[in-house]
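The values are calculated or read from the model by the stated rules, or taken from the named source; none is laboratory data. Computed from a predicted structure; not experimentally measured. For neighbour counting, all protein chains shown are included, and Cβ atoms are generated from backbone atoms with ideal geometry for every residue, glycine included. When the accessible area is computed, the model is the full protein with side chains, heavy atoms only, and any ligands, DNA or RNA have been set aside. Shrake-Rupley method; radii C 1.70, N 1.55, O 1.52, S 1.80 Å.
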Amino acid sequence: MKKAKLFFLLILAGGLVYGLSYVWQAFPIISGYGAKNLCTCVFVAGRTQESVLVDELGSMPLSLGTFEVNMADSSATGSVFGTASKKAIFRKGLGCTLISEIPEEEIRSQEINLATIATAPDSLVWPYGLTESDTIFENVDYEALNRAIDNAFAENKPDVKINTRGVVVLYKGHLIGEKYAEGFDKNTAQIGWSMTKSITSTMMGLMVKDGLIKISDNNLIEDWKNDQCSEITLDQLLRMSSGLEWEENYAGPSSATNMLFKSADMGAFAAHQPLEHQPDDYWYYSSGTTNIISRIARERLGEKYHNYLRDRLFSPLGMTTTVLEPDASGTYVGSSYMYASPRDWAKFGQFYLNGGSWNGEQLLPKNWADYVSTPTDKAPLGEYGAQFWLNAGEKGNPENRYYPDAPVDLYSANGFEGQRVFIIPSKDMVIVRMGQTKVRGSFDFNEFLKSVLAAVN
């Protein structure tokens, strides 16, 4: 009996130690998340510290932290119970970078000279220029469209806020609907979170067009050349089918959170994960995979890397509000950290609706839009292409899909707090919804799409 009691106490003590260790590991993640987001919301989006503390950082477990902005050195810091302090610094054009593993002075001394993003011409109608369109479509029920947009902002659930912050609707390349929450407007840069993955995919498409890489390429990273990872192709990375071990979990310490909030070189962190499955045998959504891709792009592009998207995508499209943020090593966080206004996100969607063409210039390979919107074989509901989400549905049963009231050819860039750029070729439409919806599923995207699409006959 005494032995059994001792055994029970040992198990209890072990569980307590594990629990305390887990909580302790979570503290720098909480601090880092808060510092990084406070920094970018204030210095990139022009938000007030008070609004960010309430909206982005006001709920558990973030409410355990203390976060503040230092205007003198353009930074934000975070800590939990006075421990695990983390700091994020702002640099013009680069947004905010969380200091991890590399000293602040070294990060600030990095020489990254950014080209100016070109402004769209005055003479053309938006989205191709700066002139506002006055086109009225007879087949668009504008009253119904505006009701659908208004409903996207309605807070009908007392215990859950959906926090829609912007909606933009394009039809046949024209703006037909738009609305913003208080404190936001058409020029306010908003975080895309994992919509950034679709930007990273686009970077690879541009590199393919420029003859700098092929999707069939393997031996992509020097450290992989002497092991089985050398077989992983760019296509498998783009399709989240590399087979690398990963845990995409944001509820506590995981591969994803350790990478984003503790690692200086996020691509290297992800690339050093062990191979868990044979490449192409298993599909698993991984932010680490996208940061590997971003790191590969840096190695291939060299000194052109930091301006490549500015020169080849943002300037041609006139996406002037865009800020793509690097990690401490200077590599863009291709999985998560791009800010842009809803209108600039809508331009990105229109670019894909055009098949990668803009103002008559084919910027992407002609088949790239088809490539990214083709279902990955192992994705069970045909829900993923090449860093874009799809609405294709289950093989042989397309009715079993994410948005049953939207067309099967819809594909989208998705962010984890309900950010979306929906591209719908069969309807000639782009629909953007930006927000900060903390409880997944509390915003009904299927109903939103259904009501918007119903307004265009």
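Structure above, values below:
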| item | result |
| --- | --- |
| Residues L114 and D73, FRET efficiency given R0 of 22 Å [Cβ-Cβ distance, rounded to 0.05] | 0.60 |
| In region 23-124, the GluC sites (Glu not before Pro) that fall in loop regions by DSSP, at most 10 other Cβ within 10 Å | E111 |
| Spacing of the two label points (7 Å from each Cα toward its C-beta) at S59 and N354, in nm | 3.7 nm |
| Proximal charge balance of A148 [Cβ under 13 Å; K/R count +1, D/E count -1] | -3 |
| Average accessible surface area per residue within the chain, 1.4 Å rolling probe, Å² | 43 Å² |
| R440 versus D217: modelled label distance in nm, points set 7 Å from Cα along the beta carbon direction | 3.2 nm |
| Solvent-accessible area of L324 with every protein chain in place, 1.4 Å probe, in Å² to the nearest 10 | 20 Å² |
| In region 375-457, GluC sites (Glu not before Pro) in a DSSP loop with at most 12 other beta-carbon atoms within 10 Å | E399 |
| Using alpha carbons only: equivalent-ellipsoid semi-axes of the chain, gyration tensor based, whole Å | 35, 26, 25 |
| Summed residue charge, Cβ within 14 Å of A268's Cβ, Lys/Arg positive, Asp/Glu negative | -3 |
| Isolated Cys residues of the chain, judged by Cβ distance under 4.7 Å to other cysteines | C41, C229 |
| Where a label projected 7 Å from the Cα of D141 along Cα→Cβ would reach, residues of region 150-168 with amide N under 18 Å | 150-152 |
| Calculated FRET value between E104 and N151, using beta carbons and R₀ = 30 Å, to 0.05 | 0.05 |
| Span-like helix ranges in the chain, DSSP H, alpha carbon extent 27 angstrom or more, Kyte mean at least 0.0 | 2-43 |
| Simple label model, 7 Å out from Cα along Cβ direction - E399 to E303, nm | 6.1 nm |
| Accessible surface of the chain, 1.4 Å probe, proportion on carbon and sulfur as whole % | 52 percent |
| Low-density loop positions, chymotrypsin sites (Phe, Trp or Tyr not before Pro), region 63-149 - DSSP coil, at most 16 other Cβ in 10 Å | F81, F137 |
